[in-house]
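Worksheet: the structure to be examined is printed underneath.
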């Protein structure tokens, strides 16, 4: 067995590790860059495809932990909170050249632009900042030290130059020094005279309280040092470490994270807070409008000072305001409101543009939740493709067009009937409660024990009755809904096929006799789609199950391609059935493809975690499993059907009862190949889905 | 007798580190004789809190209740626990029967604090007696002896439950819940937890701080890896194993990694956290 670890083998471990360390979910993805460097974005850690420099697998896992921990360190130890204004306050030399590149440039770009060779400044900053992060990491997570030393040992061996005779060698020596190489040894190799003072100025960066401004200050001094030694005039100074990864000086662990974009991402949150503060200020001023014309505030209106003017300029240090006192309400208030409104609108536009730019640069924002890898059954090859599909969990959040009120209204008429059906379900399940002091009937075993104790002259247990109580149902049910694009299709009316075909051939606008009489009529009501009925059926079920007390979760799935299976959460098992969950259900909408296998495997995983004596998975779909790369031949559904069948069998083996409901009239063709006949149902008339669903649920959970 | 009750005499002060204003708030609740509900995750210090408060209210030098022999009666509730177990039963003595008070009746008569731990686990008939004791009546009806026992002026009923893992079926009904003032407990912050772990396990403050960091980081996995985070109790266990000479990583493996989940992947992730946080 090879000691090298493939990333997919430890991906879930690393994702949980990263979440534990940082407190937020992270996805783990292979770094596609040929350099194999570790990188990070706000939601993703990019790590090498495999890691195997050491002979032991545990040591290689430790290596992965080290790569992840260093990347997480940038966030934990404040790299992305960098503000150029504060850097200038901390380092007066940075004030010497005015720099203005526009309000949305990264503060780090402003910092680098301060120097004659911004590329060199960036390279120096990366080296210095990585060193600061390493020191904090080792201090906060001392257990990583053995892995760090092992890693550093290899790097130092490779990097220590024979002679420090130019900029490139000097940078390698500084990196090696940061990783623990002997200072005296490096000084002895230095022909430039710059290494020792460079090493000295790094002292400030490795202090326990060193923040990101210690790095920017050290950069300024290091750059001055290099200039004073004439090293910045060499050709090296203008090389682009980003464009040529082989020349990038940082070790694999440090990688080349897009620090400028990450700083912009962090700054976005600050801007968002500023925008909220502006809105708050506006709301307060609106409250003052309610005051009496003579300036007496109405009840409940604060009489403190007017809200500070928080007009932003998009840079830290902004928001110097006009501190106002409470003055009579009137034009002055209106003026202030207008000013704040303009500032808020300006900032909101800037936030939108910046968010779009950051998303474009860093990617990953489309899936902020955790991701999971699943195997897939390759029917032609008769084997599992390991870690083949990546499934992303995503919470359903209602948008402005998602209308839960209409959803509720639509099911109001059916709610009573479904509830009634489930109410009947309750008393069907009884369990005997024994050893009672009072009860419906005698418990003969206890009575005999009582008599025996009496004969033994011991104190008997007088709880000799028993009772039949409604059994506490220990059921976990998961509803998995296909959210493929086809669920957007309108419901077919029950019209004769021929008549419908004839109607479709005619364009009403060509026939004045056909459409003219209709011109003044009411428009057609909104067309009902498959997804509408699916949502209504789920709402009814959830409502009834909530009353019944069964544990249940509601999820949807879609996606496009094996790297992007989307799993939407409307309600988790542990969450209560609240208005928030109903809103999430209303936000279910048609999306893309139907890769069923990974969605079923993920559901099985959730059900097993949820526990329960009886675990039930009900899949509601409107067609066969299909995706752009679900099998070698896109035109054939055999591969997808076989994988889905395998996933359903895996679920059964894990103790999950499965049931598939489809509204696809041709469902028999493939469902009978996917599961046992008793385990699926084809619904001809989709409007009967709510009734069918409750019938299926009752049957599955009362056996 | 199936009731698992524990009588605490509390001669010495139990260790308890206040996290907020819960001590003052409990004193106020006791002064008004308001029944108390303690909510919080497993092992966060609910039971220790009630022991500490009992000591403070009954054993303090100024307390008029110092002479009470058993000021705290704790009942660990379970699925078979019924009202009879709490109230009492008749026992045989030779040919005669003799009534024996249950822990709740003893507390009601003597003026002690009765603490029903994980009360939602008990059978539903217990709620009937809880109700009569927690409103203006402060009475305990005993059917078998045809008694209506008025509660001693010092008596207080305290219940606890853990809303995290107990299912909807075992949730407290509003009619019961709304008879109590609720104290919500969470896990302490790193500094406080380190002080607790150091005191309870006897390990040095540096190691205790590391264990508290492990607790904090591991709790970030709640709902992703497992239902409840690592409890302070488990961290104390790890510290106690270390005090007994077990190597720190092995102690954490026994008390934390294996205890929080059976899922091998989750265990590996937690082991990774332990590995990097410990020196």
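The values are calculated or read from the model by the stated rules, or taken from the named source; none is laboratory data. Everything numeric here is computed off the predicted structure, so don't read it as measured data. In this analysis, Cβ positions are derived from the backbone assuming ideal geometry, glycine residues included, and neighbour counts consider all displayed protein chains.
Scanning for something on the phi > 0 side of the Ramachandran plot, crowded, with 17+ Cβ neighbours inside 10 Å and at the interface with chain B (Cβ under 9 Å from one of its Cβ atoms), does segment A:461-474 turn up at least one residue? No; the residues of segment A:461-474 include none that is on the phi > 0 side of the Ramachandran plot, crowded, with 17+ Cβ neighbours inside 10 Å and at the interface with chain B (Cβ under 9 Å from one of its Cβ atoms). Of the listed requirements (1) outside any helix (DSSP H, G or I); (2) over 47 Å from the mean Cα position of the chain (by Cα); (3) more than 12 Å from chain B (Cβ to nearest Cβ), residue A:449 misses just one: (1). Inside segment B:226-279, counting only helices (runs of 4 or more DSSP H) that do not spill past its ends, which hold 2 or more residues that are away from chain A (no Cβ under 11 Å)? Result: B:232-243, B:248-252. Residue pairs whose Cβ atoms lie under 6 Å apart, sitting 6 or more positions apart in sequence or on different chains, and linking a residue in segment A:8-34 that is modelled with pLDDT under 90 to a partner that is part of a helix (DSSP H, G or I) and surrounded by fewer than 17 Cβ atoms within 10 Å (Cβ to Cβ), are A:12/B:265. Tell me, yes or no, whether segment A:147-157 has at least one residue that is on the phi > 0 side of the Ramachandran plot and surrounded by fewer than 17 Cβ atoms within 10 Å (Cβ to Cβ). Scanning segment A:147-157, I find no residue that is on the phi > 0 side of the Ramachandran plot and surrounded by fewer than 17 Cβ atoms within 10 Å (Cβ to Cβ), so the answer is no. The residues in segment A:543-562 that are within 14 Å of chain B (Cβ to nearest Cβ) and either assigned to a strand (DSSP E or B) or modelled with pLDDT of 90 or more (or both) can be counted, and the count is 3.
Tell me, please, whether a residue that is surrounded by 16 or more Cβ atoms within 10 Å (Cβ to Cβ), modelled with pLDDT of 75 or more and either within 14 Å of chain B (Cβ to nearest Cβ) or farther than 14 Å from residue A:541 by Cβ (or both) can be found in segment A:414-432. Checked against the condition, which is being surrounded by 16 or more Cβ atoms within 10 Å (Cβ to Cβ), modelled with pLDDT of 75 or more and either within 14 Å of chain B (Cβ to nearest Cβ) or farther than 14 Å from residue A:541 by Cβ (or both), segment A:414-432 yields no hits at all.
Considering only residues in segment B:89-121 that are assigned to a strand (DSSP E or B) and touching a helix residue (DSSP H, G or I) at 6+ places or on another chain (Cβ under 9 Å), the one that is surrounded by the fewest Cβ atoms within 10 Å (Cβ to Cβ) turns out to be B:92. From the list A:597, A:612, the one residue that fits, being modelled with pLDDT under 90 and crowded, with 18+ Cβ neighbours inside 10 Å, is A:612. When the strands (runs of 3 or more DSSP E) confined to segment B:1-88 are screened for residues that are under 25 Å from residue B:228 (Cα atoms), those reaching at least 3 such residues are found at B:36-39, B:72-76.
Can you tell me which residue is surrounded by the fewest Cβ atoms within 10 Å (Cβ to Cβ) among those in segment A:563-585 that are more than 13 Å from chain B (Cβ to nearest Cβ) and out of contact with any strand residue (DSSP E or B) (no Cβ under 6 Å at 6 or more places or on another chain)? Checking each candidate, the answer is A:579.
In the set B:66, B:138, which member is more than 10 Å from chain A (Cβ to nearest Cβ) and free of Cβ contacts under 8 Å to residues at least 24 places away in the same chain?
Only one candidate passes the filter, namely B:66.
Checked against the criteria, residue B:153 does not count as farther than 30 Å from residue A:464 by Cβ, touching a residue at least 40 places away in the same chain (Cβ under 8 Å) and within 12 Å of another protein chain (Cβ to nearest Cβ).
Checking the structure you have, find out if any residue of segment A:59-71 is out of contact with any strand residue (DSSP E or B) (no Cβ under 6 Å at 6 or more places or on another chain), part of a helix (DSSP H, G or I), within 24 Å of residue A:107 (Cα to Cα) and modelled with pLDDT of 90 or more. Yes, segment A:59-71 has at least one match. Return yes or no: is residue B:192 more than 12 Å from chain A (Cβ to nearest Cβ), under 28 Å from residue B:158 (Cα atoms) and in a helix (DSSP H, G or I)? Yes: the conditions hold for residue B:192.
Condition check ((1) buried (at least 19 other Cβ atoms within 10 Å of the Cβ); (2) within 13 Å of residue A:555 (Cβ to Cβ); (3) touching a residue at least 40 places away in the same chain (Cβ under 8 Å)) across all residues:
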| site | (1), (2), (3) |
| --- | --- |
| A:604 | yes, yes, yes |
| A:608 | no, no, yes |
| A:619 | yes, yes, yes |
| A:622 | yes, no, yes |
| A:627 | yes, no, yes |
| A:632 | no, no, yes |
| A:635 | no, no, no |
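Candidates in segment A:158-185 are the residues that are touching a strand residue (DSSP E or B) at 6+ places or on another chain (Cβ under 7 Å) and in a helix (DSSP H, G or I); of these, the one that is surrounded by the fewest Cβ atoms within 10 Å (Cβ to Cβ) is A:170.
Being surrounded by fewer than 18 Cβ atoms within 10 Å (Cβ to Cβ) and closer than 30 Å to residue A:286 by Cα is the requirement here; does residue A:346 meet it? Criteria met by residue A:346.
Does any residue of segment A:40-57 turn out to be part of a helix (DSSP H, G or I) and surrounded by fewer than 19 Cβ atoms within 10 Å (Cβ to Cβ)? Within segment A:40-57, one or more residues are part of a helix (DSSP H, G or I) and surrounded by fewer than 19 Cβ atoms within 10 Å (Cβ to Cβ). Being more than 16 Å from residue A:67 (Cβ to Cβ) and touching a residue at least 60 places away in the same chain (Cβ under 8 Å) is the filter; apply it to segment A:137-158 and report the residue that is farthest from the other protein chains (Cβ to nearest Cβ). Among residues in segment A:137-158 that are more than 16 Å from residue A:67 (Cβ to Cβ) and touching a residue at least 60 places away in the same chain (Cβ under 8 Å), the one farthest from the other protein chains (Cβ to nearest Cβ) is A:139.
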